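The values are calculated or read from the model by the stated rules, or taken from the named source; none is laboratory data. A quick note: this is a predicted structure, and the numbers were derived from the prediction, not measured. Reconstructed Cβ throughout: ideal geometry from the backbone, glycine too, with neighbour counts over all protein chains shown.
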C-alpha cells in the first residue's frame, strides 16, 4: 500500500482527480486530494504550505491507524503543480514525485515567464497546424485545447463549477529552489496534449531535468485524469 497526494493544476480544484481517486483506492492505496488556496495574494509558498499540510495530514492519519509510515508517499502534480509540488519535497520526506503534463521550472524563473522561456506558444501553434487546425480553429480555446478528449458529461460538469483561476501571485514569485529536489522523479505526458505537446515536453524535460528523467507517454490530452483515468492510474502504479 502507498499514499498518493494529488495536486491539481491551474484550476486548483481537488475535483480534477475525482475519476482517479476511486481507482487508486480500489487497488488498496490511500489517496489525499486538496483544493489549493484561492486568495489573491497566494503564491508558490502558500501553495507549498497547503500541500505540505496535506502530506503531513496523510502521514498522521496513517500513524493513528497503526500503519507503519503509510507505505511509500508519492506526490503527483498536474500542469501548473510542477511549480509548487517540488517545494514540498524539501519541507518533508517524499518518496517519489510524479509530474503529469507539468510545467518544469528553473531556479529563479517565474511561472509567468515560463511560457516565453520555453516557447510554449510556438510549440502549441505548430502542433495545431500539424493537426490540421489553422486560422481561427488554431487559436487557443479551452474546450478545444483542454477538453477535446474529455467525456461530454464530465466537461459540462467542469464548466458548470465556479472557477476564479489561479491567484496572480503564483505567476509572479520566482521559483525559490537552487536546484531540483533530491527525490526520485517521474514525468508522465499525454501523447495527445494540445496545450503542452509531447515533443515540446520532451525537449523541456531534457533541458531542465536532464537525461535521468524520461518522459513516459500515456494516452490522453492535457486533462488526462478526466479523460483517461484508468490509463493514468496504470501508469502511476508502474
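Within segment 1-36, how many residues are touching a residue at least 40 places away in the same chain (Cβ under 8 Å) and outside any loop (DSSP other than H, G, I, E, B)?
Number satisfying all stated conditions: 11.
Quick one: count up the residues across segment 168-185 that are modelled with pLDDT under 95 and in a loop (DSSP other than H, G, I, E, B).
Number satisfying all stated conditions: 1.
Can you go through 112, 119 and tell me which one is surrounded by fewer than 19 Cβ atoms within 10 Å (Cβ to Cβ), more than 14 Å from residue 236 (Cβ to Cβ), modelled with pLDDT of 95 or more and touching a helix residue (DSSP H, G or I) at 6+ places or on another chain (Cβ under 6 Å)?
None of the others qualify; the one that does is 112.
With the structure loaded, tell me whether residue 94 is over 15 Å from residue 43 (Cβ atoms), buried (at least 17 other Cβ atoms within 10 Å of the Cβ) and within 10 Å of the chain's Cα centre (by Cα) or whether it fails that test.
So residue 94 fails the test.
Taking segment 44-75, which residues are touching a strand residue (DSSP E or B) at 6+ places or on another chain (Cβ under 6 Å), part of a helix (DSSP H, G or I) and at pLDDT below 85?
Answer for segment 44-75, where residues must be touching a strand residue (DSSP E or B) at 6+ places or on another chain (Cβ under 6 Å), part of a helix (DSSP H, G or I) and at pLDDT below 85: just 58.
Looking only at segment 118-159, which residues are free of Cβ contacts under 8 Å to residues at least 40 places away in the same chain, under 14 Å from residue 196 (Cα atoms), under 21 Å from the mean Cα position of the chain (by Cα) and part of a helix (DSSP H, G or I)?
Of everything in segment 118-159, those that are free of Cβ contacts under 8 Å to residues at least 40 places away in the same chain, under 14 Å from residue 196 (Cα atoms), under 21 Å from the mean Cα position of the chain (by Cα) and part of a helix (DSSP H, G or I) turn out to be 121, 142.
How many of the residues in segment 146-163 are exposed (fewer than 10 other Cβ atoms within 10 Å of the Cβ) and within 12 Å of residue 227 (Cα to Cα)?
Count: 2.
I'd like the full set of residues that are free of Cβ contacts under 8 Å to residues at least 60 places away in the same chain and out of contact with any helix residue (DSSP H, G or I) (no Cβ under 7 Å at 6 or more places or on another chain), limited to segment 190-216.
Those that are free of Cβ contacts under 8 Å to residues at least 60 places away in the same chain and out of contact with any helix residue (DSSP H, G or I) (no Cβ under 7 Å at 6 or more places or on another chain): 192, 198, 202, 203, 206, 207, 210, 211, 212, 214.
Look at residue 171 and say whether it is closer than 27 Å to residue 209 by Cβ and in contact (Cβ under 8 Å) with a residue 24 or more places away in the chain.
Judged against the criteria, residue 171 is a match.
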